[in-house]
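Read the structure below first, then the notes.
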Amino acid sequence: MLGGVGALIIALVIGAVVLDGTGDAAAAKEQPVATAKVVKGPLSALVSLHGTLTRRALADGSPYIVINRATGTYTKLPTAAKVDCGEVLYRVDDRPVLLLCGTVPAYRDLAIGSAGKDVRQLNHTLHALGNTDVDPTSDVFGPATRAALVSLQRDTGLDPTGVLRIDEAVFLPEAVLVSRMIAPLGGSARPGAEVAEATSDSLEVQVSLNASQQGAVHEGDTARISLPGNVSVTGKVDRIGRVAQAPAGKDGEPGAATIPVHLSLDDPKKARGLDLAPVSVDITTRGVEGALSVPVIALVGKSGSGFGVEVVRASGHRDLVAVELGLFDTTAGRVQVTGQLKAGDRVVVPRS
């Protein structure tokens with residue numbers, strides 16, 4: 001099937017001269033014409049979608065969840081302001097609970113001799129805070145880790161014990177913005193309770209890809225994103241969801257299922273202040289390799305049905321050659337063709 005682009009091409013050639021492969025081409029062979037080469041090479045295609053500018057969080061688009069490990073009363077809760085790794089996220093019984101960077105949740109106290117992934121992410125955070133004596137790749141809690149932790153505890157109002165207790169920190173992958181509060185100020189803080197939902201400070205675009213198009217779009221594909229105010233930015237496909245989701249009210253309709261796709265922005269600063277704004281997205285897919293293609297404008301409608309191109313031979317004679325259409329590369333203005341053609345043949349195109 002030709003799809004939307006193919007329908008556009010059909011409309012284009014309806015208004016063109018329809019050749020029957022006999023007299024028309026022969027009669028015109030003596031007239032000078034403009035030509036273009038048949039080319040063999042890669043073609044790409046555009047997938048056009050509507051999306052929303054939002055904040056990056058988990059791979060499936062859901063927010064980070066802040067899980068409390070302290071016991072007492074919430075005496076200060078986070079605001080929508082950005083909280084960096086190493087800063088106070090909230091307070092329980094007026095004791096600070098820090099935000100530290102890492103993907104492994106806090107599940108134990110960390111002290112001299114501890115080892116593991118949770119120690120490595122602590123070392124990484126301490127090094128990022130300027131403690132260059134700490135090896136950010138080490139998974140061992142050594143003297144340098146302890147010295148840096150003591151300094152951080154002093155700076156943030158914790159007791160400088162050199163031990164990171166389980167109730168003193170929350171590990172999240174990056175600095176965050178709080179998007180929704182769950183715990184109430186003055187409420188009871190219990191280990192395992194949800195405090196808030198959060199996102200990163202990084203803007204991204206989320207689109208819903210028709211499940212039938214899933215194989216066409218790949219991570220790393222480039223995209224052109226149109227923001228409100230006719231601002232155009234570039235980006236790329238960062239993550240693709242693995243589970244198809246049916247829109248509300250569309251249960252049981254497989255054709256309505258979509259896959260969430262998340263795109264990063266090459267220059268996020270251009271989109272500042274546009275959270276949750278609607279955007280238009282054109283994703284350039286990988287298309288096909290080694291395809292024969294001609295300019296779209298070279299297509300002519302054949303008498304009856306189908307398409308063809310006029311090939312100009314070395315003698316100047318012009319033959320109408322039937323072609324089957326494949327991928328349309330709307331960026332390059334070319335279309336994949338199969339038929340009695342070879343790379344280097346010259347086909348007739350309208351004069352500009």
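The values are calculated or read from the model by the stated rules, or taken from the named source; none is laboratory data. Keep in mind that this is a model prediction, so the values were computed, not measured. Cβ atoms come from the backbone with ideal geometry, glycine included; neighbour counts cover every protein chain shown. These accessible areas exclude ligands, DNA and RNA; they are computed on the full protein's heavy atoms, side chains included. Shrake-Rupley method; radii C 1.70, N 1.55, O 1.52, S 1.80 Å.
Miscellaneous remarks
- Considering (1) assigned to a strand (DSSP E or B); (2) within 10 Å of the chain's Cα centre (by Cα); (3) free of Cβ contacts under 8 Å to residues at least 60 places away in the same chain, the lone condition that residue 219 does not fulfil carries the number (1).
- Subset of segment 143-177 (residues that are touching a Phe, Trp or Tyr at 6+ places or on another chain (Cβ under 9 Å) and either under 23 Å from residue 73 (Cα atoms) or free of Cβ contacts under 8 Å to residues at least 12 places away in the same chain (or both)): 164, 166, 170, 172, 176
- Index of the failed condition, residue 159 passing every other in (1) assigned to a loop (DSSP other than H, G, I, E, B); (2) within 31 Å of the chain's Cα centre (by Cα); (3) of a type in the set (Asp, Glu): (2)
- Single condition residue 107 does not satisfy, out of (1) under 35 Å from the mean Cα position of the chain (by Cα); (2) at pLDDT 95 or above; (3) open to solvent by less than 80 Å² (accessible area, probe 1.4 Å): (3)
- Failed item, numbered, when residue 148 is tested on (1) among the small types (Gly, Ala, Ser); (2) open to solvent by 20 Å² or more (accessible area, probe 1.4 Å); (3) out of contact with any strand residue (DSSP E or B) (no Cβ under 8 Å at 6 or more places or on another chain): (2)
- In segment 69-97, residue most open to solvent (accessible area, probe 1.4 Å) [restricted to those that are in a strand (DSSP E or B) and among the basic types (Lys, Arg)]: 76
- Taken over segment 224-245, the residue count meeting the criterion of being under 9 Å from the mean Cα position of the chain (by Cα) and open to solvent by 10 Å² or more (accessible area, probe 1.4 Å) is 4.
- If only residues of segment 289-306 that are touching a helix residue (DSSP H, G or I) at 6+ places or on another chain (Cβ under 9 Å) and not in a loop (DSSP other than H, G, I, E, B) are counted, the one that is modelled with the lowest pLDDT is 301.
Here's the yes/no breakdown for (1) of a type in the set (Phe, Trp, Tyr); (2) modelled with pLDDT of 90 or more; (3) farther than 30 Å from residue 179 by Cα:
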residue	(1), (2), (3)
260	no, no, no
274	no, no, no
277	no, no, no
280	no, yes, no
287	no, no, yes
308	no, yes, yes
316	no, no, yes
329	no, no, yes
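- When segment 164-173 is filtered for residues that are more than 12 Å from residue 66 (Cα to Cα), outside any helix (DSSP H, G or I) and open to solvent by 40 Å² or more (accessible area, probe 1.4 Å), only 165 remains.
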